[in-house]
Amino acid sequence: MDEDFTWRESDVPAPGPGQMLTRTLYLSLDPYQWGYRRSGMERPGDVCHGRTVSQVIESRIPEYAPGDFVFNTNGWQTHGLTGDGVSIFRYMFPRKLDPAIAPISTAVGILGMLGLTAYGGMVVQCQPKPGETAVVSAASGGVGQAAGQMARIRGCRVVGIAGRAEKCAFVRDGLGFDACVSHLSESFADDLAAACPDGIDIYFENVGGRVFEGVLPLLNRRSRITLCGMISQYGNTDRRDAGEVWRETGKRYFDRQEVAVHGLAVRNFVEDYQDRFLAEMSGWIRDGLVKYREDVWQGLERAPEAFRALLAGGNFGKTLVAVGDDPTLDAELRARRDAGDTLGAVPGV
Ligand code: NAP
């Protein structure tokens, strides 16, 4: 709700010893931020947490100079101090960004936490093999689009699940999935079965609920599931643990088919897999094997509206808010964004 947010203005702070001041270029909006609020990790009055791509304005940290681009956690603000003990140095994967490798916005998307989440769940946990059928829910979203393309690169038949027809078409024709089924259709379960004639070997779960129930009867013996998220349950006021309900719903299928179910927390993949992921994903993007779609909203004041859209399926691709001017943007993208195109960058698609 808009009334849950307050707009506050204050002076831009000066960096102290061991700190730098950065201006926010992109703010990442992610479903987990909703959980931050609900769990009480964030209290009313706090600046909303958020991962960001920023540019250094003033630095008292030797490794960073004015003009550098960085991944950090400025939260929902136009400027932030980094190195104050509550931002990047305690966070998941601080790093300096090189615009020559990929657009810097990807540091909070396909080349950031979302891509690593997909890599951990799909490549590391589910280990896709040629000829297998992999199904990915929320397939047009930040994590889903990456997970499905990784399975495709490994030679799987890949079936996406998404909402609107426009999203399904993008998943099929833009991202190269073999099929995409709409969970909005009354015949969803039958459509999914028709798209998976050999059953399902891998299911990458982002959604839960009715979508999960459609997947269960199609699971093959010794299939693998990554339980990445359950976005359909995030507004659920049922006090029972959503994960428990999910496991209970699936139990008889899991037992009968010897299904391996993996929980997923992206932080567990940072130490062992981040370097490998960054190298592989940068190569896939460079070689045109992986495409991605960003849904870029203009201006920090639109963040609450964009966040609501994300939770209701009103986004289309990885959701970002462009907070400050990105000096690395090429002329074509700049013109599209200046014209109010909220569908942002769609490189190669
Ligand atoms: P996203 O997919 O870009 O956006 C969310 C999408 O979920 C919406 O676009 C919508 O797509 C779909 N959705 C929303 N409500 C739905 C419902 N009731 N039924 C079916 N689909 C619904 O978001 P994301 O950032 O990539 O995150 C995807 C999932 O990964 C989330 O569950 C998130 O919590 C999880 N995640 C987990 C980790 C981890 O460490 N485990 C890390 C990152 C993200 P359609 O319009 O196509 O339905």
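Any read-out appearing in this document is the output of simple, stated calculations on the displayed coordinates, not a laboratory observation. Just so it is clear, the structure is predicted and the values come from calculations on it, not from any experiment. Methodologically, a virtual Cβ is constructed for each residue, glycine included, from the backbone with ideal geometry; neighbour enumeration extends over all protein chains shown.
Quick notes on this structure:
- The lysines whose alpha-carbon is closer than 16 Å to the alpha-carbon of LYS291, local same-chain residues fewer than 8 away aside, are LYS167, LYS318.
- Annotation: cysteines of the chain without a disulfide-compatible partner (Cβ-Cβ under 4.7 angstrom) are CYS48, CYS126, CYS156, CYS196, CYS228.
- Environment charge at LEU27 (Cβ cut-off 11 Å; Lys +1, Arg +1, Asp -1, Glu -1): +1
- Of the peptides 114-124, 307-317, the order by per-residue mean of other Cβ atoms within 10 Å, starting with the highest, comes out as 114-124, 307-317.
- Rounded to whole Hz, the Karplus (6.51, -1.76, 1.60) HN-Hα couplings of the stretch 213-226, x for glycine and proline: 4, x, 6, 3, x, 9, 5, 7, 4, 6, 6, 10, 10, 9
- Straightening the chain between GLU42 and ALA242 buys 69.9 nm, computed as 0.36 nm per residue apart minus the Cα-Cα spacing.
- In order along the stretch 111-125, the Karplus-derived 3J(HN,Hα) couplings, from 6.51 cos²θ - 1.76 cosθ + 1.60 at θ = phi - 60°, round to 9, x, 4, 5, x, 5, 4, 4, 5, x, x, 7, 6, 6, 7 Hz, and Gly and Pro are given as x.
- Note: the chain, Cα convex hull, 137 Å³ per residue.
- Relative to the Cα centre, the charge distribution of the chain, modelled as +1 at Lys and Arg Cβ and -1 at Asp and Glu Cβ, gives a dipole magnitude of about 780 debye.
- With a simple spin-label model that places each label point 7 Å from the Cα along the Cα-to-Cβ direction, the separation between TRP7 and ARG60 comes to 3.2 nm.
- Overall form of the stretch 113-266 per C-alpha gyration tensor (a/c, 1.5; a/b vs b/c): rounded
- GNM remark for the chain: springs join alpha carbons under 10 Å apart, and the peak mean-square fluctuation among MET41, MET113, MET281 falls on MET41.
- Our note on the geometry: Cα centres of the stretch 162-214 and the stretch 269-294, 24 Å apart.
- Charge dipole (debye, nearest 20) of the stretch 160-268; +1 at Cβ of Lys and Arg, -1 at Cβ of Asp and Glu: 360
- The aspartates and glutamates within cross-link reach of LYS96, meaning a Cα-to-Cα straight distance under 13 Å and a gap of 8 or more places when in the same chain, are GLU63, ASP68.
- Between GLN149, VAL135, PRO17, the Cα set farthest toward the positive side of the dipole of the chain (charges on each charged residue's Cβ, about the Cα centre) is that of VAL135.
- Average Cα contact separation per residue, the stretch 219-307, under 8 Å, 6 or more apart, as relative contact order %: 34
- Using Cβ point charges alone (K and R +1, D and E -1), the dipole size of the stretch 1-76 about the Cα centre works out to roughly 180 debye.
- Look at the dipole of the chain built from charges on Cβ: of VAL171, SER223, CYS126, the Cα furthest out on the positive end belongs to SER223.
- Axial C-alpha extent at least 15 Å, average Kyte-Doolittle at least 0.0 - helices from the chain (DSSP): 142-153
- Ranked by how many other beta carbons lie within 10 Å on average, peptides 142-150, 60-68 from highest: 142-150, 60-68
- Cα gyration tensor shape for the stretch 19-144, rounded if a/c is under 1.5, else prolate or oblate: oblate
- Summed residue charge, Cβ within 14 Å of GLY45's Cβ, Lys/Arg positive, Asp/Glu negative: 0
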